[in-house]
């Protein structure tokens with residue numbers, strides 16, 4: 001399964017307690033490789049509400065920088081349904097879908113606030129997430145992820161901004177911590193523990 005999420009505390013929702021909770025829930029769906037748009041289209045055709053967070057990402061082509069839109073969490077979609085009214089089983093057989101994320105026999109249920117926070121961080125005009133568009137400056141010592149350039153995919157520690165649209169990131173390379181200079185737009189903060197995705201586990205019930 002692709003690396004995408006950091007899991008926080010997990011609560012278990014017992015079958016008998018489902019009737020006392022709200023009806024709508026967000027579930028986490030794993031798509032087939034590069035099939036997020038196809039899965040979204042087919043799920044929405046069946047009446048499911050789908051959130052597919054996307055990112056505007058820079059890349060180099062023939063020595064020039066350009067931009068493309070990619071999945072913020074590759075291969076993952078958030079799917080909302082009304083428990084007891086919309087069955088979950090058809091999601092599994094939808095074209096483009098690989099599986100519904102589970103923990104053992106339990107489905108991963110994503111709290112509303114996680115989806116709300118993701119939507120709030122996106123560009124209100126386009127719904128897209130953008131690199132380097134931080135709501136507040138990063139503090140020294142903050143964990144960051146590099147998402148473009150020579151160090152794409154690596155995580156490190158923010159040290160300081162240099163004032164020329166670049167920042168110094170401390171990376172662990174070849175067993176040593178080495179400071180590297182990176183374009184500000186290539187760096188995203190890694191969510192702190194309270195902001196990381198936290199899932200509840202819902203045991204399979206007749207309503208699903």
- Query: Are there any pairs with C-beta distances below 8 angstrom linking a residue in segment 41-64 that is more than 22 Å from residue 128 (Cβ to Cβ) to a residue that is modelled with pLDDT under 95 and in a loop (DSSP other than H, G, I, E, B), with the two at least 6 apart or on different chains, and if so which?
  - Reply: 47/86
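Residue-by-condition table, conditions (1) at pLDDT below 85; (2) outside any loop (DSSP other than H, G, I, E, B); (3) farther than 30 Å from residue 23 by Cα:
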| position | (1), (2), (3) |
| --- | --- |
| 144 | no, yes, yes |
| 160 | no, yes, yes |
| 163 | yes, no, yes |
| 207 | yes, no, no |
- Considering (1) at pLDDT 75 or above; (2) out of contact with any strand residue (DSSP E or B) (no Cβ under 8 Å at 6 or more places or on another chain), say which one residue 20 fails and leave the rest. (1)
- Message: Show me the strands (runs of 3 or more DSSP E) found entirely inside segment 41-118 where at least 2 residues are in contact with a helix residue (DSSP H, G or I) (Cβ under 8 Å, 6 or more places away or on another chain).
- Response: 49-51, 76-82, 97-100
- Would you check if there is a residue in segment 171-186 being under 26 Å from residue 42 (Cβ atoms), loosely packed, with under 15 Cβ neighbours inside 10 Å and either assigned by TED's automatic domain parsing to the domain that holds residue 83 or modelled with pLDDT under 80 (or both)? no
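The values are calculated or read from the model by the stated rules, or taken from the named source; none is laboratory data. Just so you know, these numbers come straight off a predicted model, no measurement behind them. All Cβ positions, even for glycine, are placed from backbone atoms using ideal geometry, and neighbour counts span all protein chains on display.
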